[in-house]
Amino acid sequence: MPSIDDVFNQLVTANTNLAKIDQGIQQLVTLETVTAQGLLHLVQQGDTMICILEHVSQNTCGTWTETHFASELQRKIEKNVALLADLQKSALPAAALELERMTRLKEQLLECCPAAEPPPICAYQPCDKPAPLRISMPGR
């Protein structure tokens, strides 16, 4: 029959083993928390990338639409301006010479003092993004 000391030693051993199991469970909980934080961070980064791609997609579509309409208008304007210029030159040759002289003067003026550049048509709006993921593991 086991003595009281044997039973006590068995209880101490069981308690030590339970403490080790508890420590292992705590490490698993910590690892699961870190994993959840990492997953949340990746989801937030994915949301940021989708937002940026939506901006790119919207801007691309708008650019294509504007380019299509602008190109068509430019072709019509170029054709009509050339026709009007030819008509004016033949009807008013003195005015055509004066216009050519004024054009040269304007070109010289722009070489000296160029016109201010207009502001860009598109201003980039950055998307929200998560802060960098910083995880500290206990015991590391």
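Mind listing whichever residues of segment 55-96 are modelled with pLDDT of 90 or more and either in contact with a Gly (Cβ under 9 Å, 6 or more places away or on another chain) or among the charged types (D, E, K, R) (or both)? Scanning segment 55-96 gives Glu66, Glu72, Arg75, Lys76, Glu78, Lys79. Within this structure, Thr30 passes the test of being assigned to a helix (DSSP H, G or I), modelled with pLDDT of 90 or more, of a type outside the set (Phe, Trp, Tyr) and surrounded by 12 or more Cβ atoms within 10 Å (Cβ to Cβ).
Just the residues that are of a type in the set (A, V, I, L, M, F, W, C) and at pLDDT below 85, please, taken from segment 97-140. Scanning segment 97-140 gives Ile121, Cys122, Ala123, Cys127, Ala131, Leu133, Ile135, Met137. Kindly indicate whether any position in segment 85-103 is assigned to a helix (DSSP H, G or I) and under 26 Å from the mean Cα position of the chain (by Cα). Scanning segment 85-103, I find no residue that is assigned to a helix (DSSP H, G or I) and under 26 Å from the mean Cα position of the chain (by Cα), so the answer is no. Regarding Ile77, is this residue over 30 Å from Lys129 (Cα atoms) and part of a helix (DSSP H, G or I)? Here the answer is yes, as Ile77 does meet what is asked.
Within segment 35-46, can you find the residues that are closer than 29 Å to Cys122 by Cα and touching a residue at least 24 places away in the same chain (Cβ under 8 Å)? Selection gives Gln44, Gln45. Here Ile52 qualifies as in contact (Cβ under 8 Å) with a residue 12 or more places away in the chain, surrounded by 10 or more Cβ atoms within 10 Å (Cβ to Cβ), in a helix (DSSP H, G or I) and of a type in the set (A, V, I, L, M).
If we keep just the residues of segment 84-138 that are touching a helix residue (DSSP H, G or I) at 6+ places or on another chain (Cβ under 8 Å) and among the small types (Gly, Ala, Ser), which is nearest to Gln37 (Cα to Cα)? Residue satisfying both the conditions and the ranking: Ala96. Within segment 107-132, track down each residue that is in a loop (DSSP other than H, G, I, E, B) and more than 19 Å from the chain's Cα centre (by Cα). Residues satisfying the conditions are Cys113, Pro114, Ala115, Ala116, Glu117, Pro118, Pro119.
The values are calculated or read from the model by the stated rules, or taken from the named source; none is laboratory data. From a predicted model like this one, the values you see are computed outputs, not experimental measurements. As a convention, Cβ positions derive from the backbone with ideal geometry for all residues, glycine included, and neighbour counts pool all protein chains shown.
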